[in-house]
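Remarks on the structure that follows.
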Amino acid sequence: MRRPNLNRLAMFDAAARHLNFGLAARDLNVTQGAVAQQVRALEAELHLKLFDRLPRGLELTQTGRSYHARIQRALLLIDEATEAVSPQNNRITLSLPPSLASKWLVSRLANFQEKHPDIELITSASEQLSNFQTDGIDIAIRHGIPPFSGGLVHEHLADLNLSAVCSPVYSNTIGEITNPMDLIGFKLIEDAHNSWSKLTEAAGRSAPANMIKFSHSSLAIDAAVAGQGIALVPDIMLEHELSNGSLIELWPDLTPHETGYFIVYPRKPKRASKELDVVITWLRRQKTSSI
């Protein structure tokens, strides 16, 4: 039997991992139609049905699951063989949440590049916990409660400490603050973690109405800088704004939280290297460093 086209197999693998043609297309930087067309061509070539098409995505057939398990291993072997002879072995990919990337990591990248000009540090902004074996991610920083998954090492990076912040101009409208409930009557800015709602509910109060809501902490921070209200966000993302005076801290939440920020990487990495160790060591040092 003739070997299937490698490009078709790669698109099938992406579709099987995401169970969605659109997400697979974004992963491969092609169109959704291209992925769907190549998967259909692969099914026709094999005379097999690999997916059930559902209203909201895909589902692997039993044959599809069995075939994907083998194809995924084969593609991984190809990647490992290529990386072993590639001059790109100095490239390390770090995945972290988008807001942490923009508000915490970006200001530190110049320091890393100055200290390690021979290492190409690629950042991938994502909330999803990485697979590490199939998605090209070497290290991740994640917010959550460990352990994250079997076979992964996690190292504490920072506690989750929330701070209520606003612009200097907006702070002029606020009087003395003795507890966070003193802020409920003002314009509040909330991110996807719903910190204001959780805080008020814990105090036995109903969630404030008419809050300005954003999908990411970075957007909530930018809105606070613009004078739109008071944001309650992780202090790890506020170093730049607090140091340059564009934001003022009104109240720090000193309540211990179960969650935190952790450096996560495989116990047995797909591609162990001295560059990987260098990046992990540098990240550890960021626990005590400031910009």
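We did not get these values from a lab; they are worked out from the coordinates using the rules stated. Remember, it's a predicted structure, so these values are computed and weren't measured experimentally. Backbone-built Cβ (ideal geometry, glycine too); neighbour counts: all protein chains shown.
Rounded to the nearest 500, what is the 222 nm mean residue ellipticity of the chain from helices alone, with -39500 (n - 2.57) per DSSP H run of 4+ residues and division by all residues?
Numbers: 10 runs with 109 residues, N = 291.
Rounded to the nearest 500, it is -11500 deg cm²/dmol.
Please list 3J(HN,Hα) in residue order for region 62-71, calculated via the Karplus relation 6.51 cos²θ - 1.76 cosθ + 1.60 where θ = phi - 60°; whole Hz, with x for glycine and proline.
4, 5, x, 5, 5, 5, 5, 4, 6, 5
Among residues other than residue 161 whose Cβ falls under 10 Å from its Cβ, what is the net charge (Lys/Arg +1, Asp/Glu -1)? Walk me through the numbers before you get to the answer.
Values: positive: none; negative: 159, 235, 253.
Here the charged neighbours net out to -3.
Whole-Hz ³J(HN,Hα) for each residue in region 4-18, computed from phi via Karplus 6.51 cos²θ - 1.76 cosθ + 1.60 with θ = phi - 60°, x for glycine and proline: what do you get?
Taking θ as phi minus 60°, the curve returns x, 4, 5, 5, 5, 5, 5, 5, 4, 4, 5, 5, 5, 6, 8 Hz for region 4-18.
Taking the Cβ of residue 120 as the centre, find all other residues whose Cβ is under 13 Å away and add up their charges (Lys, Arg: +1; Asp, Glu: -1).
Working: positive: 91; negative: 118, 138, 275.
In short, -2.
Pick from 47, 68, 156: which is most flexible by mean-square fluctuation in a GNM of the chain where alpha carbon atoms under 10 Å apart are linked?
Sorting by GNM fluctuation, first place goes to 47.
Could you tell me how many degrees, from 0 to 90 and to the nearest 10, lie between the Cα long axis of helix 32-46 and the main elongation axis, the longest principal axis, of the Cα atoms of the chain?
Its long axis makes an angle of about 30 degrees.
What order do you get for 167-180, 26-39 when each peptide is scored by the mean count of other beta carbon atoms within 10 Å, highest first?
Working: 167-180: 12.4, 26-39: 16.2.
Going from most to least packed, we get 26-39, 167-180.
I want the local charge near residue 236. Using Cβ-Cβ distances under 14 Å, sum +1 for each Lys or Arg and -1 for each Asp or Glu among the other residues.
Working: positive: 103, 108, 142, 287; negative: 159, 191, 235, 239, 241, 249, 253.
Local charge sum for residue 236: -3.
Name the long-range amide H neighbours of residue 95: under 5 Å, sequence gap of 5 or more, or other chain; modelled H, no Pro or chain starts.
Answer set, sorted by chain and number: 124, 138, 139, 140, 141.
Taking 0.36 nm per intervening residue step and subtracting the Cα-Cα distance, what contour gain separates residue 80 from residue 181 on full extension?
On the way: separation 101, 0.36 × 101 = 36.36 nm, distance 5.50 nm.
Using 0.36 nm per residue and subtracting the Cα-Cα distance, I get 30.9 nm.
Report, as a whole number in µm² per second, the diffusion coefficient that Stokes-Einstein gives for region 1-157 at 20 °C and 1.002 mPa s using the Kirkwood radius over alpha carbon pairs.
Numbers: Rh = 17.8 Å.
Translational D for this selection: 120 µm²/s.
Two-decimal Rg/Rh of the chain from alpha-carbon positions, Kirkwood Rh? Can you show the working numbers first?
On the way: Rg = 23.1 Å, Rh = 21.9 Å.
We get a ratio of 1.05 for the chain.
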